[in-house]
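Asks: Below is the structure I would like to discuss, written out as structure tokens.
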Amino acid sequence: MKRLLPALFLISCLQDSSAASLERFQSYLRTTQAARANFQQKVMDKTGKLVQESSGSFSFLRPGRFRWTYAKPPQLIVGDGERVWIHDADLNQVTVRRAARVLGATPAALLAGASDIEKSFVLTEAGQRDGLEWLEAKPREKESGFERIRLGMSASGVEAMELVDHFGQTTMLKFSNLERNPQFEAGTFRFTPPKGADVLGE
């Protein structure tokens, strides 16, 4: 399930003052109902050692619908608004869970959740670094699985995301080719288990 959680959090460039930044963020949530982009992902342990690297693409349509595709190793995660489906192609195994149990105060809620983000996260400015403006989101739920989430923005939008879990592991994501409010084909956020696949879960 760790691959699901970074799932995403697309924000416009934030202004200097904290109040203006949060207002801009809420405005973005109201005006961006859908998006798609490519991503590069790296996972570092608490010593900073690279332990996993992957890439792929994602799409989302609020509320609760998203499609997160990893190219290698192949894995597909689809949220249809009611359930979240995780398909491991190598194992031909599908895990399904109710969306309400999976999303909660997770990074995925920033991606595909409703616009009332501050009910689940405490949002604060995190300064400038690497040429980006950073916003920090701390989950209000202690059992969310993450200690903090940081979003890095430039004038063109979100460029990076950092997730730190309670074990000190950091997941770093870099985004490219972002498209806001695209038109999706029918079936983009639906999933049917492949014939012969083992289906586990709810």
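Asks: Only one residue in 109, 105 is in contact with a Pro (Cβ under 8 Å, 6 or more places away or on another chain), at pLDDT below 85 and not in a strand (DSSP E or B), so which one is that? Spell out how you get there, then give the answer.
Replies: Values: 109 fails: in contact with a Pro (Cβ under 8 Å, 6 or more places away or on another chain).
Being in contact with a Pro (Cβ under 8 Å, 6 or more places away or on another chain), at pLDDT below 85 and not in a strand (DSSP E or B) holds for just one of 109, 105, which is 105.
Asks: From 126, 160, 89, which residue is within 20 Å of residue 29 (Cα to Cα), of a type in the set (Gly, Ala, Ser), over 15 Å from the mean Cα position of the chain (by Cα) and at pLDDT 75 or above? First the steps, then the outcome.
Replies: Values: 160 fails: over 15 Å from the mean Cα position of the chain (by Cα); 89 fails: within 20 Å of residue 29 (Cα to Cα).
Only one candidate passes the filter, namely 126.
Asks: Name the one entry in 55, 59, 12, 27 that is under 16 Å from the mean Cα position of the chain (by Cα), hydroxyl-bearing (Ser, Thr, Tyr), at pLDDT 60 or above and more than 20 Å from residue 185 (Cβ to Cβ). Outline the logic, then answer.
Replies: Details: 59 fails: more than 20 Å from residue 185 (Cβ to Cβ); 12 fails: at pLDDT 60 or above; 27 fails: under 16 Å from the mean Cα position of the chain (by Cα).
Of 55, 59, 12, 27, the one residue that is under 16 Å from the mean Cα position of the chain (by Cα), hydroxyl-bearing (Ser, Thr, Tyr), at pLDDT 60 or above and more than 20 Å from residue 185 (Cβ to Cβ) is 55.
Asks: Taking the options 45, 80, 90, name whichever one is within 15 Å of residue 199 (Cβ to Cβ) and among the charged types (D, E, K, R). Step through it out loud before you land on a result.
Replies: Numbers: 45 fails: within 15 Å of residue 199 (Cβ to Cβ); 90 fails: within 15 Å of residue 199 (Cβ to Cβ).
Only one candidate qualifies: 80.
The rows are residues; the columns are (1) in contact with an Asp or Glu (Cβ under 6 Å, 6 or more places away or on another chain); (2) crowded, with 16+ Cβ neighbours inside 10 Å; (3) assigned to a strand (DSSP E or B).
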position: 53; (1), (2), (3): no, no, yes
position: 60; (1), (2), (3): no, yes, yes
position: 69; (1), (2), (3): no, yes, yes
position: 78; (1), (2), (3): no, yes, yes
position: 97; (1), (2), (3): yes, yes, yes
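Asks: Here is a follow-up. Has region 136-147 got at least one residue that is among the aliphatic types (A, V, I, L, M) and at pLDDT below 80? Spell out how you get there, then give the answer.
Replies: Pass one, region 136-147, residues among the aliphatic types (A, V, I, L, M): 137.
Those still in the list that are at pLDDT below 80 too: none.
No, region 136-147 has no match at all.
Asks: Can you tell me which residue among 192, 170 is loosely packed, with under 12 Cβ neighbours inside 10 Å and either aliphatic (A, V, I, L, M) or farther than 28 Å from residue 30 by Cβ (or both)?
Replies: None of the other options fit; the residue is 192.
The values are calculated or read from the model by the stated rules, or taken from the named source; none is laboratory data. This one's a predicted model, so the numbers in the text were calculated from it and none came from an experiment. No Cβ is skipped: glycine too gets one built from the backbone with ideal geometry, and neighbour counts run over all protein chains shown.
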